Structures are given as C-alpha cells and as structure tokens.
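Every read-out reported here was derived from the displayed coordinates using simple, explicitly stated rules and does not represent laboratory data. Keep in mind it's a predicted model, so treat the numbers as computed, not measured. Glycine gets a Cβ as well: all are built from the backbone with ideal geometry, and neighbour counts include every protein chain shown.
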Amino acid sequence: MDSNNVVWIVIAAVVALVVIGLLVWVGRKRQVSRRVAQADEIREEVRQEQLKLQHREAVADETAAKARAAQAEAEAKAAEAARLEANAAKHREDATAHREELDERASHADSLDPRVKEQERAGSVARGDQSGRPEADR
C-alpha cells in the first residue's frame, strides 16, 4: 500500500467517525427534545389538574362554610326553642299558681256563704264547676 491509500483510509475513517459522531449527537438531541416535550406535556397536565384541584378545594371550603352556617343556625334555633320552652313552663307555673289562688278564693267564698253545704264545697269555680252554688246565683 502506498502512503496515498493510507491517507485515504485515515480520511475515510475520520469522516466515518465524524458521521457517527454527528448521528449520535443528532440522536441525543432528538431524545433530549422528546424528553423536554414530554416534561412540558406533563407540566401542562399537572397545571390543569391543579386548576381542577383548586376548584374542588373552593367547593369544599364553600360547603364547609355552609355547614358551619347551618350548624350556627341550628344552635340558634335550639337556643330559641329552649327559651320558648322556658317561657311556656313559666306561663304554666303562673297559670297553676293563679288557678290555686282562685280555688282558695272560691273555697273562702263558699265557707262564707251559708247557702253552700259542706259536701258541695269541693267544686272549683276556677275550673268552671258551679255545682253546689245556689240556683239564683248561676
């Protein structure tokens, strides 16, 4: 082999190495490009999911606020019901005390009235029982 052939073989080998190097470089660049595109796509999906998540969190917060308002309203109504029940009990006590007072007054009136017999005094004016009272008074 002459030196000219060796030079051409060396040049061919260098060119082949350069071509292989370029092919590897282009392949890696494409791979990096694909990975960057894939990463961007995943980031976009994550961003979309974050928006959905924020919406769900807002709905959850709103629902929790409504629940707290409903609970407060229920507590207020329970307090109002307790107050009304206490008022009703007070009115019942007052009515019972007044009825007892009227019964005592009616009994006193019966004891003063000579027309009312002893066994007829058991009736109560406060309850609307007029039996035992003289016919002329009815």
**Q.** Leading residue at positive end of dipole, segment 66-107 (Cβ point charges), from Ala79, Ala69, His91
**A.** Ala69
Q. Hull surface divided by four, with the convex hull built on the Cα atoms of segment 3-80: how many nm²?
A. 5.9
Q | Ranked packing of 96-107, 43-54, most packed first, by mean Cβ within 10 Å | A | 96-107, 43-54
(Q) Straight-line reach only, C-alpha to C-alpha below 26 angstrom: list the lysines that Lys90 could link to, leaving out same-chain residues fewer than 8 apart. (A) Lys77
Q: Would you calculate the separation in nanometres between label points at Ala69 and Gln54, each defined as 7 Å from the Cα along the Cα-to-beta-carbon direction?
A: 2.4
Q) Relative to the Cα centre, what is the charge dipole magnitude of segment 3-80, using +1 at the beta carbon of each Lys and Arg, -1 at the beta carbon of each Asp and Glu, and rounding to the nearest 20 debye? A) 720
